[in-house]
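Enquirer: Mind looking over this structure? Questions follow.
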Amino acid sequence: MKNAFFYTFFFTFISLIVLSTSFSAMAEGDVKKGKKVFRKCASCHSVQKGENKIGPSLYGVVGRAAGTIDGMKYSKVMTTSGIIWNEDNLRKFLARPRAFLKGTKMTFAGLKKEKDLDNVLAFLKDATKPDMTKAKTATDATKTK
């Protein structure tokens, strides 16, 4: 009886691990495909540091507080939202911007396909992460010996 319980538990546990791995792999996007999806965003946004257009630069967007780029004219709802742009918030916002944040100035209707969301998020995470090599060099330059 103990062996039956053990094997049932063991196989259930392994099955859950396999399923969770499969689902997380499915949610991962393709950076190259995401770059193509980003073309829908590029008329208003850039991924270059400090290059604001109608909308703010998305450089370093993951982990940044919403409505905090100097010189941009955000809606009041954006600046007072308290939102931190993590992957979950970005996914919800990019799927339905006006439903996620009622009163936003962003006129984009949203990305309807889950795969487009996966891909554009993969692209944004890759293309907009701060360049840590420059930060490391700057830190090294300020060290005293």
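Enquirer: Most exposed first by the Cβ proxy, i.e. fewest other Cβ within 10 Å, how do S81, S75 rank?
Expert: Lowest to highest Cβ neighbour count: S75, S81.
Enquirer: Using Cβ counts within 10 Å as a stand-in for footprinting exposure, how do F93, F123, F108 rank, fewest first?
Expert: If I rank by nearby Cβ atoms, fewest first, I get F108, F93, F123.
Every number here is computed from the coordinates shown, using simple stated rules; none is lab data. All of these numbers come straight from a predicted model, not from anything done at the bench. Cβ atoms come from the backbone with ideal geometry, glycine included; neighbour counts cover every protein chain shown.
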